[in-house]
Amino acid sequence: MFPHCNLSLFICFPGPWGRCMGSDCGPGGSQSRAVWCAHVDGWTTLHTNCDQVQRPSNQRNCFRVCDWHKDLYDWKLGAWNECVPVSARTFGAPRLFTCSGGEEGIQTREVGCILKSDGSPAEDAICEYFEPKPRLEQACLIPCPQDCVVSEYSPWTSCSKTCGTGLRNRVRSVLVPPLFGGSICPNLTEFQSCKPGPCTGPEGVYSLRVGPWSPCALPQARTTRQVKRRKGKGPGLRERAGVKDPETRELIQKKRTRNRLNRQESPFWDIQMGYQTREVICMHRNGSAMGRNLCTLRDLPLTVQSCVLPKDCQITDWVDWSPCSKTCLDPESPRGNRTRSRQVLQFPVGEGAECPPLEESESCEPQGDGVPPCATYTWRTTEWSDCRVDLLLSQQDRRRYNLTGLCGGGLQTREVYCVQANAELLKYLNDLREKEKASRPVENKLCEGPVPNRSQLCQISCPIDCEVSPWGAWGPCTFENCDDQAGKKGFKLRKRQITNEPTGGPGNCPHLVEAVPCDEPSCYDWQLVSLDQCIPEDEKQCGPGTQLPQVRCVNSNGEEVDRNLCSSSPAPEPASCEVPCSRDCVLSDWTSWSTCSQTCSSKTIEGKQMRTRSILAYNAGEGGALCPNSSALQEVRNCNEHACTVYHWQTGPWGPCTEDPSASPLNTSLGGRASSGGQGPCSMGMQTRKVICVRVNVGQVPPKKCPDGPRPNTVRPCQLLCKRDCIVTPFSDWTTCPVTCDAAGNAVKKKQSRKRLIIQMPSNGGQDCPEVLEEEKDCEVPKVCPGFRWKTHKWRKCQLVPWFLRQNTPGAQETCGPGLQTRAVSCRQLDGTQADISECLKFAKAMPAITQRCQLPCQDDCQLTNWSKFSSCTADCVGVRTRKRALIGRSKKKDKCKNTQMYPLSETQYCPCDKYNAQPVGNWSDCILPDGGKAESILGMKVQGDVKECGQGYRYQAMVCYDQDNRLVETSRCNSHGYIEEACIIPCPSDCKLSEWSNWSRCSKSCGSGVKVRSKWLREKPYNGGRPCPKLDHINQVYEVVPCQSDCNQYVWVAEPWSVWKVSNVDLKENCGEGVQTRKVRCMLNTIDGPSESVEDYLCDPEEMPLGARESRLPCPEDCVLNDWGPWSRCSLVRAETNNRVRMAYTLRSPSVGRECPEMTDKEPCSLNLNCFNYFYNITDWSTCQLSPNAVCGSGIKTRMLDCVRSDGKSVDMKFCEELDLEKKWQMNISCVVECPVNCQLSEWSAWSECSQTCGLEGKMWRQRSVVQASQGDGRPCPLQMEQWKPCPVRPCYRWQYSQWSECRVESVVCGHGMRYRNLSCFVSDGSIDGEGSLKIFHLFSVAGDCYLMEWSDWSSCVSICVKGAGVEFGSVQVRSRAVLAQEPENLQLCPDQAWESQPCTVGECYEYKWFSSSRLNSTRPLIWCQRSDGLNAGVCMCEEGFTEVLSSTGQLDQCAPIPILEIPTAGDKKGDVKTSRAINPTMPSTIQPGRTGRTWYLQPYGPDGKLKMWVYGVAAGAFVLLIFIVSMIYLACKPRQVTQPNYSYNRGKPHKNNSNSLWCI
C-alpha cells in the first residue's frame, strides 16, 4: 500500500527506486525515486497539499554492484517445504475432493542472497544483477491416503485349556501399512472363548510352570580337578616313550595326532562343559505362585542339564588396508576399492556372540603425485585388403568366385582388433627399428564404442582396351632407310592408327605396321595428280592427240616433297588420247580403278583392278571411226603383286621394374605405409620386354625379315616402387586357463592360445609374413582342484552333568541320563589335505555343528545295537531288503524291551526301483546349425545366404525323466543327454536369376545417332529372402537401351556402268535418236579400301540411290556430243531463295558445220529443304550408366551423341556440319556410379546365454546376432531371425521346506518355557509351482496367565505405493507386525498394544485390491472376500467413502453398510454444512508411524445380523432433541433490535452520514 501523507483527499505516491549510482563498488552508492502528491481521484497536485511530515524519502543508500561481485555473492536455496494442497490455499469453503492418484499441491522454499564467505544475508538486488531469482514455489503431488491392508486370519488355535474356560485365537499380519493419513490397522488378533469340559480337579486352577534355563556355568570343583590332571602330565611320560624303536614311535605319533584332532584342542575353539538349571513352580491361573503341593504331581521335568559354556567370538585387530584397486587416474571412474581383514582367534561357542564381518572394503582413490593415467583401449584395424570384385560376385553366385580380369566396384576387408591406446604406434609404423613397440591385441570386450567397419566398397579402374583403325592401303616400295640406300632391299608398308588410347600406353596395342619385301625400292616418286585436256596433233580439231600429266613429287608416306628429290625417277610421259571427229564413235572417260581384289598375290590368287567406259555416240557409217566391241570398254590390271609374306614386329608384355645398376640411390625397404597405399616411388628402374619378328600365319622369323625403322623399344625406364615389409602385431597375451573339475574332483585339461595379426601385407619384394600367426599350448593343470570342505571327526564320549549337581534330582542315576557330546571340525582341500580354517569360512558351506545332545542309557532303559546295513536286493522294484539290530545286556530279559512295536528289531523296505520313463516336454527350438557349420565365409564375417548359414540343422526338444513314482529325476537316469534332436532345414535364400545379356541389336539408324537394345529375361524368381529382381516388364524382361551412332558412309550405293543404248525409234542407219540406258545399282558395305560386299538395300539412304535407268537422246552422227553433267554447284545459304545452282558439261565431239551444241550449263533455282539445306548439331539424351564389360558395379560413364541434322530433320554425315565450322559446346561424357549389390552382413552368433531357470521345465537359452552392414543396392536383405533359442536340459528343482511349528511343548507340565519343533524336508519338483506360500505361519508361544506380543512376522513382500495404470509411484515399502496373544480371559485387559514396523525397499509391485464374492451352500448371503491383484487374499479391503465394513463371525466381510450422517445446520443457513462422523478402525501400533497413534476402540453400528443396534437409535433421538434446543437458543439470541450506528462512506470525495438498521448476534 502507498503511504497516506494526509488523511484528507490528497495522498503521497512514491515511484520505483532508480538505478544505484556511485563511483565506488559496494555499499557506498545511492539511488533516488520520484514522490508526488495526488488527489484521490487520480490527478496530481502541488506538494504543499500533502502532509510534508509523512512524505516518503526520495533518496537512500544502496549497494552498487560490479562484475567482480559475482564471485562473492550467490543465491542460497532452502529445502522445499511440505506439499500443501491447492484447495487449502484458496479462499472460500473447501470443495469436496475425490482422490485418484494424488492431489495437486504447492510447496515453497526460502531463497535469499548471501555472502559466500560467511553466509550472511545480503540484498536480493545484488544477486539479481547477475542471475534472476530462483522460483519460490513449485507444483507437487500429494499421494492419496493409503489405508492399512491386512492378511487373512490364520486358522483357530486349539483351546488354551483342557478343561474349564479357555481361549482360542487366530491372528493376521499387516501387508501394507497406513500411509499419508490412511486408516489405521484393525486388530490383528481375534479371541474366542472355549470350554472343552468341566474340570474334575484343581488342575483348572493350578498348573506347573517351567522357568527358563539359567545361564551355563562351570561346577566349582571341576576346575580344580582339571588342574591336578594337567599337572600329572609331566615330561617323564614323553621320556618314557622315547625308549621305543623308531617305527613304534612313528605309529604312536600318528595316533596322538589323530587323537588331538578328535579332541577339541584347537586354538579356534575352547569348549568347556558346564551345567544350567531351571525352576518348576506351581502357578495359579491368575499368575501368582503357589505351593507345589497344590499342583497335581507328575513326572517332574529336568531341572539340570549339560551345556556348553558360551564363548564370544574373538578376533584380531584389522590389518592394514590393502593397496587401492585403482592404481591409475581415470576421470570416468576415479575411485577404486581397498579391503582389510581380520582373523578369528576364538569361534563362538554355545550361545556366545557371533563373529562380526571378517572383511570390509571402502572406496579409495590412488594416492601420490606420480600416478599414471589408466590404460584406455581403442579399436585398431589392419590395412584394407586389395580390392576384389569376385567377393561381390561370390555373394551373388558362388561359382563366380575367384574370377580374374574383373574391374569396377568391389569389396575390400580388414580385421578389427582392440589394443591398449598407445601413441607410439604411428611412430612404429614409420620406423622399422621399433617393431617391438607395436600394440599387442587384447580382448575385444575391453574396447567400447562403435566397432569400425570390417568391409567397404572400393573401385578397381577398368582397363581401357586399345582400339585401332582398319589397315590402310599398301604403300609404295621404299627403302628401309632412305638415308642409307646402299642395299637394294625394300619394303611395302601398310599402317593403322590408334583410335582409343589404352590403359598403360600404346605398348599394349597390337602392331601398327606390317611390311612385305619388294624389289626396286624408291624413297621418292612422281604422283599423277590429273591429266590435262586432250590436244589433237598438228593443231587439228579432232583426231589423235596427247594429254599432259600434272604430277607432284611425294615420299613413301604420300607427302609432297621437293621435286628435285624425284629427279632420279623418270617423270610420267604424256598420255595418248583422241578427240572424236563429227562422224567418229564417242566414248566416255574411263572410270577410276576399282579396289584391288586381294591384298597380296600368290600362285593361286592374284590381285586385280578394273575400270570401264561406255559409248556415248555411234559413228556415222563408213566415214567415221568405228566403236570398239564390248570387251574394249573394260580394262583389267594386276595389283598388289607382292607375295603374301607379311612381316611385323610383335612385342611381349613389359617385365617387372628392376633396379638399374647405373641409377642411385638403391631401392630401400619401407616398413611403414606410404602415403599412396604404399606405392610411392623410391628410385628409377628399368623394364624390358621381348620383341620378335613374326611372319603372318607362320610364326617367328629372323629379325632381318622385318624393317628396322618401326622396330619397338625393348627397354624403358620406370619408377621403382618401394619395398614394403610385412608388419605383424606382437602376440597377444595367453588366454586365461579356466580351472574346471570333473565329478571326481580332478582338474580337466584345457588349452590356451594367443595370436597376432597382420597389419600390413608385404609388397614390391618386401619381407614376407611369418607363417605362424596363432599358437596354442596346454594349460598347466593344478595338482588339486580349488575348493574347500569341512571335515567332521568322531563324536566324543557323552558327558553328563556332575553327579554332585544332580544327585538330589528324583530318579537320577550317576552313570546315565541326558548329556552333551562334542566333536572336532577341520578344514580340508578337496583332495583331503589340511587347509587353513579361514579358507573354509570363505568358500565352504556353513560350519557343521560341534555339539549335540546325547543320552547314556540307564539300567532300566532298553539298549540296542546300531542298525546293520540293508541286505542286498534280489530284484529291482519287486524285491525287499531288510536291516536288523539286537538287544544287548540285561535288555534281553526285560519284557518292555521285547515289545517289538516300541523297539523294532528289523526294518523292511522295498528295493530301489530303477525304472525310468523319458518323455519330451515343451516346444521345439529354432532350427540351429551344428557348430561345425559355422566356418567363416570369405569375408571374415557372416553374409546372409552364405552356404554355412543355411542347409541342414537340428532342432531340439527337452527330454524329461521320471521315476516309477512319477518324480522328476536327472535325465542321465534315462540314458539321455537331455534333448531329442530332429533334423530340420534352414532354407537357403535363392536370388532372382536372370539370363545373360543378349547381344546388342543393330543401331536403329544407319546414319547419325540412334539406339541399340539388349535384354535379359527372368529365369527364376527370388524366394527365402533372396536378392530381389530389378523392375521387369509385362513379359518378365529387363532392357538396357544405349545411344549409338552410325557412320553415314558406312553403306553406299554402287552403280555399274550404263548399258548400251536401246534406241526406241528404229533407225538402223543413223543409230541415234531417243533411247534408254540401264545399269545395276547395289548397296554395299563401305571400307577404307572401298565398297567390299553387298548388303540389304534398306541399309543405304533411299534418297541417295542413283538411277537405275535413264531416257535420253543418243546423238546422231555429226551431232554435238557432251559428257555427263557435272555436280551441281552449292546454293548460298544467305539468300537461298534468290540464288540458282548450276551444273556444267563440256564438248566431247564437235558438231559438223551447220549444227550446234546444246546448252552446256544447266541452272535451277535454290529452294530450301528441297535442293538447298541448312545444317546444325543435335545432342541426344544421356544414356544409362555404362560399365566396363568386366565390371558389375562401381564407376561408369554416361554418354550422349552429337548428330548433324539437316534442316529438313534428316541426319546426315558429320562432314556437312564440320564444313560449316559449327561450335561444339557440349560435354559428351560424364562419370556415374552404379550402386554395388552388397548383401546383408551379419555378426557371428553370440555365445548361448545362461539358462533362464536353473531347474525345472521352462528353462531357455538364447543367442543373438546383429547386423554388421545393411544390404545395399540389390543386395540380399537381412533376415528377420536375429535371435535363436533352445531349451535347457531339464533338471529337478530341489528346495528345503519347513513344516509348521509344532505347539510349544513343555515336557509333562502345562506351561512355561518349552520347545517347539518343525520338520525340514527336501522337495523335488519340476519348477512349475511355487512351493512356498506368500504368507508364513506365525510362531506361537504360550505362557499361562500372561498376555504378550508374538514374535515378529516375516517381512511382507515389497509393495509399491502407486496408482495402477497412471505411472505415478511414491516409493516402495515392506512391513512386519506383532499380534497380541493371551490364554486367560481375565488377562485380556492387561494386553500390550499390537505393533508393526515398516522399512523402505526396492522394486516393489503395484497392486490393486478388489472385493470378490461367490455363492455359499445353504445360505442366501454370498461369500465375500478381498483379493489383491496378484491373487493373494487380503483380510480387509476398506469400503468406499461413507461405508463401513461389517464382518461375519468367521472374519469374512459380510457387507459394506452406510455410516449414519448427522446434519447440523448453522445459523443463517438452512442447508448447513454436513458433518460426517465415521467409525475408526481399531488399534494402531505403538511405534511412531503415519496416522494416529494409540488404541482406538470402535463402535460398530451394525450387529452380526446386519441390523442397526439399539444404541444407534438412542443416539439419533438424543441428537434430534439437542438440535431443537440449539435452534431455539440461536433464535432468542439473534432477535432483531434497532441500533443507531454512524456509517461513513465516500461519495465523490465528500463524506456523508448514512443511518441503517443492523442485526447483531452475540
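I need the calculated FRET efficiency for the pair CYS769 and ALA375, taking r as the beta carbon distance and R₀ as 25 Å, to the nearest 0.05. Display every interim value, and only then the final one.
Numbers: r = 28 Å, r/R0 = 1.13.
Using R0 = 25 Å, I get an efficiency of 0.35.
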| request: Please state, as a whole number in µm²/s, the translational diffusion coefficient that the Stokes-Einstein equation yields for the range 478-526 at 25 °C and 0.890 mPa s, with Rh defined as the Kirkwood radius across alpha carbon pairs. | output: 192
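What trypsin sites (Lys or Arg not before Pro) does the range 762-795 have in DSSP loop regions with at most 12 other beta carbons within 10 Å? Please report the intermediate quantities before stating the final value.
Working: sites: LYS777, LYS783, ARG789, LYS791, LYS794; in loops: LYS783.
The qualifying sites are LYS783.
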| request: Would you mind calculating the gained length between ASP484 and SER325 on full extension (0.36 nm times residue separation, minus the Cα-Cα distance), in nm to one decimal? | output: 47.8 nm
| task | In nm, give the distance between the simple-model label positions of ASN444 and GLU123, each being 7 Å from the Cα along the Cα-to-Cβ direction. | result | 6.8
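Hey, how much of the P(r) for the range 739-896 falls beyond 25 Å, as a percent of Cα pairs? Don't skip to the end; give the middle numbers.
Values: 8476 of 12403 pairs.
Pairs farther apart than 25 Å: 68 percent.
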| field | Linear extension gain, ILE1179 paired with MET1282, 0.36 nm per residue minus alpha-carbon span | value | 31.8 nm
| Between ARG1276 and residues 5 or more places away or on another chain, which pairs have amide H atoms under 5 Å apart, with H built 1.01 Å from N, and which residues are they? | ASN1239, CYS1240
| said: Tell me the accessible surface of ASP991 in square angstrom (1.4 angstrom probe, heavy atoms of protein chains only), to the nearest ten. | reply: 10
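Can you work out D for the range 579-652 in µm² s⁻¹ from Stokes-Einstein, where Rh is the Kirkwood radius over C-alpha pairs, the temperature is 20 °C and the viscosity is 1.002 mPa s?
On the way: Rh = 15.3 Å.
Rounded, D is 140 µm²/s.
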| query | Using the C-alpha atoms of the range 731-776, what convex hull volume per residue, in cubic angstrom, is computed? | reply | 64
| Projected label distance in nm at ARG695 and ALA643, using a 7 Å step from Cα toward the beta-carbon | 0.7
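Relative contact order of the range 510-556, please, whole-number percent, based on alpha carbon pairs below 8 angstrom and at least 6 residues apart.
Numbers: 56 pairs, mean separation 19.7, N = 47.
Averaging sequence separation for qualifying contacts and normalising by length gives 42 percent for the range 510-556.
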| message | Give me the extension gain from ASN808 to ALA632: residue separation times 0.36 nm, minus the current Cα-Cα distance, reported in nm with one decimal. | response | 46.0 nm
| request: Would you grab the residues whose amide H sits under 5 Å from the one on VAL1233? Only those 5+ places off in sequence or on another chain, please, with H modelled 1.01 Å from N. | output: GLY1196
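How would TRP471, TRP1128 rank on accessible area, largest to smallest, probe 1.4 Å? Working shown, then result.
Numbers: TRP471 45, TRP1128 75 Å².
These residues rank, largest area first, as TRP1128, TRP471.
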| task | Highest first, please rank the peptides 686-698, 509-521 by the mean number of other Cβ atoms sitting within 10 Å of their residues. | result | 509-521, 686-698
| field | Computed over the range 518-630, Cα set: Rg, Dmax in Å | value | 18.8, 52
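Please give the FRET efficiency for GLU1386 paired with ARG1316, using the beta carbon to beta carbon distance and R0 = 25 Å, rounded to the nearest 0.05. Walk me through the numbers on the way to the answer.
Numbers: r = 26 Å, r/R0 = 1.02.
For GLU1386 and ARG1316, the calculated efficiency is 0.45.
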| Around CYS1406, which amide H atoms from residues at least 5 apart in sequence, or from another chain, sit under 5 Å from its own amide H, with H modelled in the peptide plane? | SER1360
| task | Evaluate E = 1/(1 + (r/R0)^6) for ARG973 and SER868, where r is the Cβ-Cβ distance and R0 equals 35 Å; express this FRET efficiency to the nearest 0.05. | result | 0.80
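The values are calculated or read from the model by the stated rules, or taken from the named source; none is laboratory data. Quantities reported herein were computed from a predicted structural model and do not represent experimental measurements. Note: ideal-geometry Cβ built from the backbone for every residue, glycine included; neighbour counts use all protein chains shown. Only protein heavy atoms, including side chains, enter the accessible area calculation; ligands, DNA and RNA are left aside. Shrake-Rupley method; radii C 1.70, N 1.55, O 1.52, S 1.80 Å.
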